[in-house]
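Student: Once you've had a glance at the structure underneath, I'll fire off some questions.
Readers should treat all values here as calculations from the given coordinates under stated rules, not as data from a laboratory. As the structure is a computational prediction, the values presented were derived from the model and not from experiment. Here the Cβ positions follow ideal geometry from the backbone for every residue, glycine too, while neighbour counts run over all protein chains shown.
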Amino acid sequence: MNRSLLQPIRPLFLVFILVNALALTAKSLLEKYHFNQELLILGNLLLFVVILVSYLITYRSLHSSNSQAFIRAMYGSFLIKFFILAIAAFTYIMIAKKEVNKPGLAVCALLYIIYTAIEIRALMSTLKRMKQQSHA
């Protein structure tokens, strides 16, 4: 992959690794506070993959000659994120029924916000860099 493509999203990889490391090494602490370890690991993985795909779709649209490509990519990536995460949450809730791990879902929601903020920041820095290069 292109180095300039991945550099802005290094924090995404860092957060992913840190959350997984915490979830894998602090099982007793997670159990003490009623967090489901598997939910945290799988939720983190799903969020990471979905946000990464969303970023790649939007990043590629920035280099398109079509001015509408960026808008289509933003809406498309939003729809992908929305439906995949909604289906995953619905599936988990239907399988777990009364055993739904609310603290784990809350952490996954927080991770979604963090990952989305990282994605937006990376896209904004890419846009800024592209704008500076076009003026130079």
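Student: From Cα pairs below 8 angstrom and at least 6 apart in sequence, can you work out the relative contact order of segment 30-131, rounded to a whole percent? Walk me through the numbers on the way to the answer.
Tutor: Numbers: 56 pairs, mean separation 41.7, N = 102.
About 41 percent, as a whole number.
Student: Further question on the same structure: List every residue whose amide H lies under 5 Å from the amide H of residue 101, counting only residues 5 or more places away in sequence or on a different chain, with H placed 1.01 Å from N in the peptide plane.
Tutor: Residues meeting the criterion, in which the H sits 1.01 Å from N, do not exist here.
Student: Quick one: divide the alpha-carbon radius of gyration of segment 1-77 by 2.2 N^0.38 Å and tell me what you get.
Tutor: Here the answer is 1.44, to two decimals.
Student: Along the positive direction of the dipole of the chain (beta-carbon charges: Lys, Arg +1; Asp, Glu -1; about the Cα centre), which of 126, 85, 56 reaches farthest?
Tutor: 126
Student: Identify all lysines with a Cα-Cα distance to residue 102 below 20 Å; exclude those on the same chain that are fewer than 8 residues away in sequence.
Tutor: Qualifying lysines at Cα under 20 Å: 27, 32.
Student: What list of ³J(HN,Hα) couplings, whole Hz, do you get for segment 100-111 from phi and the Karplus terms 6.51, -1.76, 1.60, once you set θ to phi - 60° and write x for glycine and proline?
Tutor: Residue by residue, segment 100-111 yields 4, 8, 4, x, x, 5, 5, 5, 5, 5, 5, 4 Hz.
Student: Helix-derived [θ] at 222 nm for the chain: sum -39500 (n - 2.57) over DSSP H runs of at least 4, divide by residue count, nearest 500? Show your work: numbers first, answer last.
Tutor: Working: 6 runs with 114 residues, N = 136.
Computed ellipticity for the chain at 222 nm equals -28500 deg cm²/dmol.
Student: Sticking with the crude label model, points 7 Å out along Cα→Cβ, report the distance from residue 114 to residue 99 in nm, one decimal please.
Tutor: That separation, rounded to one decimal, is 2.6 nm.
Student: Between residue 83 and residue 125, 0.36 nm times their residue separation minus their Cα-Cα distance comes to what?
Tutor: Separation in residues times 0.36 nm, less the Cα-Cα distance, equals 12.4 nm.
Student: As a footprinting exposure proxy, order 74, 130 by other Cβ within 10 Å, with the fewest listed first. Show your work: numbers first, answer last.
Tutor: Details: 74 15, 130 12.
Neighbour counts put them in this order, fewest first: 130, 74.
Student: Enter the angle in degrees (range 0 to 90, nearest 10) between the Cα long axis of helix 69-96 and the first principal axis of the Cα atoms of the chain, meaning the one along which they spread out most.
Tutor: 10 degrees
Student: Next up: Using the crude model of +1 on Lys and Arg Cβ and -1 on Asp and Glu Cβ, and no other charge, please compute the dipole size for the chain relative to its Cα centre, in debye to 20.
Tutor: The calculation lands at about 360 debye.
Student: Ok, one more. Per-residue HN-Hα couplings for segment 116-132, Karplus 6.51 cos²θ - 1.76 cosθ + 1.60 at θ = phi - 60°, whole Hz, x for Gly and Pro?
Tutor: Once θ is set to phi - 60°, the couplings for segment 116-132 become 5, 4, 5, 4, 5, 4, 5, 5, 5, 5, 5, 4, 4, 5, 5, 5, 5 Hz.
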